[in-house]
């Protein structure tokens, strides 16, 4: 099978008899299937985990695409493509749990906050209020286990990542990287702008599930 990105021939949905064009896709290794989903990534993720066609082992959302892990020897079925691209598919966002995350803003916990507030043309208190007033949604997890990439950051607060990454960012650091907000689950190197810190434990391998936040979950930051 050609591993290059391509468009499949239109298929017929067995349930409805309607024709549709499946999305662009690309093979990733023996069992992986990377599917371009764009702005509908969370909606498609929700459709797949709710219907879970028999050939699917796991589904992992990322920035504008899904990685579908197939069971060994399985091939994509019409049911899988129907869940992703059939006419009338529900494109509303996946409705996850709401989390309230306490945050200590500024000071040693948020060394980049004063510069980011100045860049945004705001005083520090107004910057904090703007950041905390938004409701965020987990788009996907990556970088570290449990690291959430959060949609919903107000445009005035967006800022590029640091030109020089820090060698150590503390666990729980609340950060901004471009259009995303995020939280570092563990200490380590990092290049995002740090504005605060939370005591919330985002990743615990002894917990089920080990990640506090899941794709589609909603989040609000609560200043402390």
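Numerical summary
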| read-out | value |
| --- | --- |
| Condition met for residue 110 (surrounded by 13 or more Cβ atoms within 10 Å (Cβ to Cβ) and assigned by TED's automatic domain parsing to the domain that holds residue 144) | yes |
| Region 156-170, subset crowded, with 18+ Cβ neighbours inside 10 Å and within 20 Å of the chain's Cα centre (by Cα), residue nearest to residue 124 (Cα to Cα) | 157 |
| Candidate set from region 213-224 (those that are under 19 Å from residue 132 (Cα atoms) and out of contact with any helix residue (DSSP H, G or I) (no Cβ under 8 Å at 6 or more places or on another chain)); member that is surrounded by the fewest Cβ atoms within 10 Å (Cβ to Cβ) | 224 |
| Those residues of region 35-48 which are within 16 Å of residue 137 (Cβ to Cβ) and crowded, with 17+ Cβ neighbours inside 10 Å, in sequence order | 37, 40, 41, 42, 43, 44, 45, 46 |
| Single residue of 188, 146, 196 found to be over 27 Å from residue 120 (Cα atoms) and surrounded by 15 or more Cβ atoms within 10 Å (Cβ to Cβ) | 146 |
| Residues being within 11 Å of residue 215 (Cβ to Cβ) and in contact (Cβ under 8 Å) with a residue 24 or more places away in the chain - total across region 49-66 | 4 |
| Selection status of residue 116, farther than 17 Å from residue 97 by Cα and in contact (Cβ under 8 Å) with a residue 60 or more places away in the chain | yes |
| Extreme residue, nearest to the chain's Cα centre (by Cα), among residues of region 171-181 that are free of Cβ contacts under 8 Å to residues at least 60 places away in the same chain and buried (at least 23 other Cβ atoms within 10 Å of the Cβ) | 181 |
| Some residue of region 188-204 being free of Cβ contacts under 8 Å to residues at least 40 places away in the same chain, assigned by TED's automatic domain parsing to the domain that holds residue 106, touching a strand residue (DSSP E or B) at 6+ places or on another chain (Cβ under 8 Å) and part of a loop (DSSP other than H, G, I, E, B) | yes |
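For (1) modelled with pLDDT of 80 or more; (2) under 24 Å from the mean Cα position of the chain (by Cα); (3) outside any helix (DSSP H, G or I), each residue gets a yes or a no:
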position: 2; (1), (2), (3): no, no, yes
position: 9; (1), (2), (3): no, no, yes
position: 16; (1), (2), (3): no, no, yes
position: 35; (1), (2), (3): yes, yes, yes
position: 50; (1), (2), (3): no, yes, no
position: 59; (1), (2), (3): yes, yes, yes
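Per-residue answers, yes or no, for (1) part of a loop (DSSP other than H, G, I, E, B); (2) over 24 Å from residue 42 (Cα atoms); (3) modelled with pLDDT under 95; (4) not assigned by TED's automatic domain parsing to the domain that holds residue 62:
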{"position": "118", "(1), (2), (3), (4)": "no, yes, no, yes"}
{"position": "132", "(1), (2), (3), (4)": "no, no, no, yes"}
{"position": "139", "(1), (2), (3), (4)": "no, no, yes, yes"}
{"position": "145", "(1), (2), (3), (4)": "yes, no, yes, yes"}
{"position": "181", "(1), (2), (3), (4)": "no, no, no, yes"}
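The values are calculated or read from the model by the stated rules, or taken from the named source; none is laboratory data. Since we're looking at a predicted model, the values are computed, not measured. Every residue, glycine as well, gets a Cβ built from its backbone with ideal geometry; the counts of neighbours run over all protein chains shown.
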